[in-house]
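Quick one: structure below, then a few questions.
The values are calculated or read from the model by the stated rules, or taken from the named source; none is laboratory data. Keep in mind it's a predicted model, so treat the numbers as computed, not measured. Cβ atoms come from the backbone with ideal geometry, glycine included; neighbour counts cover every protein chain shown. Heads up: the accessible areas ignore ligands, DNA and RNA and are worked out on the full protein's heavy atoms, side chains in. Shrake-Rupley method; radii C 1.70, N 1.55, O 1.52, S 1.80 Å.
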Amino acid sequence: MMNSIKNLTYDEMQKWALQKGLKPFVGRQIFEWVFSKNVESTDSMRNIAKNVRNIIEKEGPLSLLELKKHEVNEGDGTEKFLFSCLDGNALESVLIRSAGRNTVCVSSQIGCAMGCTFCRTADMGILRDLSSGEIVEQVIQITRLTHERVTNVVFMGMGEPFNNYQEVIKAATVLNHEKGLNIGARHITISTAGIVPRVREFSHLPYQFKLAISLNAANDEKRNELMPINRRYSLSELLKTAKYYTDVTNKLITFEYVLIDGVNNTQKDAQELIKQLSHIPSKLNIIPFNEIDSKFQRPGERDISTFLSYFEGVNFAVTLRNSGGKGIQAACGQLYHEVLLS
Ligand code: SAH
């Protein structure tokens, strides 16, 4: 991992200062310059002595990402950002505007090891984990470029956040810290394909970050086909752990369900889903499949409504997410597409 003070949390920055023979408060000041005031170079750190600025610079680069491409979907205001890392790898982030919220969808890895058959990032395999600084900088750069405040962050870009657990949690605490980006913990959602031991671990974290699980099927047979991780952690194990999470944290869990024509959109699928979820305090988020040139198709609008109607009267909330950014290849599961082609 590239060395940089951008990879440090609030606590780590103070320890770093001590190691350099400085007072912890200098670490706190640097943390604010980097994450709250968003400075790009040490020259702007007015209250930091010149010799300390030199120490920071010796530690490694302050900027970890470079903007390569920026696209705006005029229709819904969704924006896509292609960044290159210092090692030349590329990653994408998306800004979604809705109802007064600015949500940034961040990537947590370059590529992904999950191999979900409907997801484009899977084609890439896993190249490497992103560092905490590279994750946080996606939000910093988007704030700087749009001159707008980012109100929400979702870990739903490229990668499996729970396969990069430590850096993802570090990034989330920096995004949340009041001296950092100051984004409310309840406005930060981490989405996983279902790494059961990490869900368990996440249940005991002292933060209010939200958890989403990509379910996508309501029985093992179908889930095995769509998400190979299900062969390692079965649906019943995953749902038992989801229930454990809601018991321990007293929070709702969000289940995501990518709706694919003829694959998981029958009445029987809905009935199985209702049976599985009704004993877990949860919300169900249905995402109509974004077509990429694969063997899967998005159901027609009528079929989507029909599927939704099966949930009338259930004891959990059901929402439909028509993920934005389709015109600019920025919708769920499409992020890898342009990286490769550009
Ligand atoms: N690995 C994590 C986060 C990244 S994927 C996870 O699995 O949750 C974020 C969401 O996009 C997941 O719910 C995934 O199922 C969904 N997704 C992936 N490809 C998609 C596509 N082509 N259309 C719609 N949703 C997709």
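Below 15 Å Cα-Cα, how many Lys pairs turn up in the range 5-59? Only count pairs eight or more apart in sequence, or on different chains, if you could.
7
Something else: If amide H atoms are built 1.01 Å from N in the plane of the peptide, which residues on other chains or at least 5 residues away come under 5 Å of the amide H of Arg128?
Long-range HN contacts for Arg128: Ile110.
Sequence neighbours fewer than 8 away in the same chain don't count; with that in mind, list the lysines whose C-alpha is under 16 Å from Lys251.
Once the sequence-local lysines are set aside, what remains near Lys251 is Lys210, Lys240, Lys243, Lys283.
Then there is this: Relative contact order for the chain using alpha-carbon pairs under 8 Å, separation at least 6, rounded to a whole percent?
15
Separate question: Considering the zone a paramagnetic label at Ser36 would reach in this model (a point 7 Å from Cα along the Cα-to-Cβ line), which residues of the range 146-184 have amide N under 11 Å from it?
177-182
Given a Förster distance of 22 Å, report the FRET efficiency between Asn182 and Glu71 from their Cβ-Cβ distance, rounded to the nearest 0.05. Can you show the working numbers first?
Working: r = 28 Å, r/R0 = 1.26.
Given R0 = 22 Å and the Cβ-Cβ separation, E is 0.20.
FRET efficiency for Lys243 and Arg28, Cβ-Cβ distance as r, R0 = 41 Å, nearest 0.05?
0.55
Do you know the relative contact order of the range 5-59, to the nearest whole percent, from alpha carbon pairs under 8 angstrom that are 6+ apart?
27 percent.
For Asp43, put the label point 7 Å out on the Cα→Cβ axis and report which residues of the range 59-83 keep their amide N under 17 Å from it.
61-63
Give me a comma-separated list of calculated 3J(HN,Hα) values for the range 61-66, in order, Karplus coefficients 6.51, -1.76, 1.60 applied at θ = phi - 60°, integers in Hz, x for any Gly or Pro.
Calculated HN-Hα couplings, in order: x, 8, 9, 10, 10, 10 Hz.
How far apart, in nm, are two points set 7 Å out from the Cα along the Cα-to-Cβ line at Met2 and at Arg200?
Calculated label separation equals 3.6 nm.
Turning to a different aspect of this structure: For the range 251-263, take each phi angle, set θ = phi - 60°, evaluate the Karplus expression 6.51 cos²θ - 1.76 cosθ + 1.60, and give the result in whole Hz per residue in order, putting x for glycine and proline.
Coupling constants for the range 251-263: 10, 6, 10, 9, 9, 9, 9, 6, 8, 10, 4, x, 10 Hz.
What number, in percent, do you get for the relative contact order of the range 183-330 if the mean sequence gap of Cα pairs under 8 Å and at least 6 apart is divided by its residue count? Provide the component values of the computation, followed by the final result.
On the way: 216 pairs, mean separation 30.7, N = 148.
Result for the range 183-330 is 21 percent.
Tell me, what ³J(HN,Hα) does each residue in the range 288-293 have, in order and in whole Hz, if you take phi through Karplus 6.51 cos²θ - 1.76 cosθ + 1.60 with θ = phi - 60° and put x for Gly and Pro?
x, 3, 8, 6, 10, 6
Run the accessible area of the chain with a 1.4 Å probe and give the carbon-and-sulfur part as a rounded percent. List each step's numbers first, then the result.
Details: 7170 of 14940 Å².
Within the chain, the accessible surface is 48 percent carbon and sulfur.
When the chain is fully extended, how far beyond the present Cα-Cα distance does Lys275 get from Arg101, taking 0.36 nm per residue of separation? Write out the running numbers ahead of the final one.
On the way: separation 174, 0.36 × 174 = 62.64 nm, distance 3.29 nm.
Between Lys275 and Arg101, full extension yields 59.3 nm more.
Turning to a different aspect of this structure: When the solvent-accessible surface of protein heavy atoms is calculated with a 1.4 angstrom probe, in what order do Cys85, Cys119 fall, highest first?
So, going from the largest accessible area down, we get Cys119, Cys85.
While we're on this one: Could you order peptides 234-241, 298-305, 102-109, 132-139 by the average number of other Cβ atoms within 10 Å of their residues, highest first? Don't skip to the answer; put the middle values down first.
On the way: 234-241: 17.5, 298-305: 13.6, 102-109: 25.0, 132-139: 27.9.
The densest-packed peptide leads the list: 132-139, 102-109, 234-241, 298-305.
Could you pull out every residue, at least 5 positions away or on a different chain, whose amide H is within less than 5 Å of the one on Leu284? Hs are placed 1.01 Å off N in the peptide plane, and Pro or chain starts have none.
Phe255, Ala317, Val318, Thr319
Suppose every K and R has +1 on its Cβ and every D and E has -1 on its Cβ; what is the size of the dipole of the range 65-328 about the Cα centre, in Debye to the nearest 20?
580
Along the charge dipole of the chain, Cβ charges K/R +1 and D/E -1, which of Val104, Pro228, Ile5 sits furthest on the positive end?
Sorting the options by dipole projection puts first Ile5.
Val263: accessible area at probe 1.4 Å, nearest 10 Å²?
The value for Val263 is about 40 Å².
Once amide H atoms are placed 1.01 Å from N in the peptide plane, what residues at a sequence separation of 5 or more from Val154, or on another chain, have their amide H within under 5 Å of its amide H?
Amide H neighbours of Val154: Val104, Cys105, Val106, Thr189.
Okay, next question. Would you mind getting the accessible area per residue of the chain, heavy atoms of the protein chains only, 1.4 Å probe, in Å²?
Ligands and nucleic acids excluded, the result is 44 Å² per residue.
Could you give the length gained on full extension between Asp220 and Glu301, defined as 0.36 nm per residue of separation minus the Cα-Cα distance, in nm?
26.5 nm
If you don't mind, another one. With Rg and the Kirkwood Rh both taken from Cα atoms, where does Rg over Rh land for the chain?
0.99
Be a star and scan the range 21-61 for residues whose amide nitrogen sits under 14 Å from the point 7 Å along the Cα-to-Cβ vector of Arg144.
Answer for this model: 33-45, 61.
Working from Cα positions, state the angle (0 to 90°, nearest 10) between the long axis of helix 165-176 and the longest principal axis of the chain.
70
Mind giving me the FRET efficiency for Lys15 and Glu291? R0 is 45 Å, r the Cβ-Cβ distance, nearest 0.05 is fine.
Calculated value: 0.40.
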